[in-house]
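Notes follow the structure.
Read the figures in this text as sums done on the coordinates, not as results from a lab. Computed from a predicted structure; not experimentally measured. Cβ placement follows ideal geometry from the backbone for every residue including glycine, while neighbour counts extend to all protein chains displayed.
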């Protein structure tokens, strides 16, 4: 009788007291890759403001960083007198060519001039019209122009001062479309393979996490930044939620990654060691170790892997288990 008791005691020592729960349902397997970045103006929607003719900046109405509405006067520009005189000369030349053509045409009708003379006068008139049109295209007839913002914008740079004389096409200032903003987020290099253009991004200011903005990945860059040692992900910011953002502002971004569907288990069922993430299932009273991919979702965890969804998972006592150990249910 004594020998029998010892044998039972030895067998009990090889089993572990555990609690198990069944796997009941599936959920979408999603997780986030987060990073911090800086808002900047989309270069595609940035415009250099200049004039097609030389002249002088008589007044500058804005400062760098200023937000301006469409139609706001940016600066006042006085056309160079030499340019204005060029328009006056072209206008006079046109009147003279027109008068000459009318005269030759009248004489030609009386057969007092040749058709060749009429053609020459007509060409001179055409050339004079073209010359005046070119002067008008340059705005040479405008002595003083109020240069206005073509759309709601941010003044991102100023390259001239009041009183400066500027040559034609010289950039006076630069503006960026107000609601065309991008965000550059730095992420860990190993996360880049999971990120694709078109993925949704949840954004929030670093110092105001209660405010939620929305964006979308538009580009994943292919090099590691030498200073941050991160890979930059470019995000377009939804215009509907971008009000109040300015270039240079810091935001936190969470890129939403979809991993398909997975089975839901209690968080306590999933363990991690040097071999990876795993759990134990009760396979007819024996512990069966299974490697899984797991994403935490509150108190529950969504898993994927080569496990049997019909077998319960160990939720308590699993830290003591090894593969193949005997199990004893705590509720038995």
Task: Fluctuation leader among 249, 300, 199 - the chain, Gaussian network, Cα springs under 10 angstrom - done: 300
Task: Reciprocal mean inverse distance between Cα atoms of the stretch 131-202 - Kirkwood radius, Å - done: 17.2
Open item on the list: Which residue fluctuates most in the GNM of the chain (Cα springs below 10 Å): 103, 161, 85?
Closed with: 103
- [ ] Quick one: pull the percentage of alpha-carbon pairs in the chain with a separation above 39 Å.
- [x] 53
TODO: Round to the nearest 10 and give me the degree value, 0 to 90, for the angle of helix 81-109's Cα axis relative to the longest principal axis of the chain.
DONE: 60
Task: Scattering curve values for the stretch 67-122, log₁₀ I(q)/I(0), Debye with Cα scatterers, q = 0.14 Å⁻¹ - done: -0.58
- [ ] Report the full-extension gain for the segment residue 72 to residue 28: residue separation times 0.36 nm, less the Cα-Cα distance, to one decimal in nm.
- [x] 10.8 nm
Open item on the list: Using Cα-Cα distances under 8 Å and only pairs 6 or more residues apart, what relative contact order does the chain have, in percent?
Closed with: 28
- [ ] Quote to one decimal, in nm, the extra length available between residue 108 and residue 136 on full extension: 0.36 nm per residue of separation minus the C-alpha distance between them.
- [x] 6.9 nm
Task: Equivalent ellipsoid semi-axes - Cα gyration tensor, the stretch 46-176, angstrom - done: 44, 13, 10
Task: Segment residue 206-residue 227, length gained on full extension (0.36 nm per residue, minus Cα span) - done: 5.5 nm
Task: Cα Rg, Dmax, the stretch 237-317, angstrom units - done: 19.1, 62
TODO: Express the relative contact order of the stretch 46-176 as a whole percentage, based on alpha carbon pairs under 8 Å and six or more residues apart in sequence.
DONE: 49
Open item on the list: If the elastic network links every pair of Cα atoms under 10 Å, which of 230, 118, 138 fluctuates the most in the Gaussian network model of the chain?
Closed with: 118
Open item on the list: I'd like the orientation of helix 2-13 relative to the chain: the angle between its Cα long axis and the longest Cα principal axis, in ° from 0 to 90, rounded to 10.
Closed with: 0
TODO: Describe numerically, in nm with one decimal, the distance between label points set 7 Å from Cα along Cα→Cβ at residue 300 and at residue 258.
DONE: 1.9
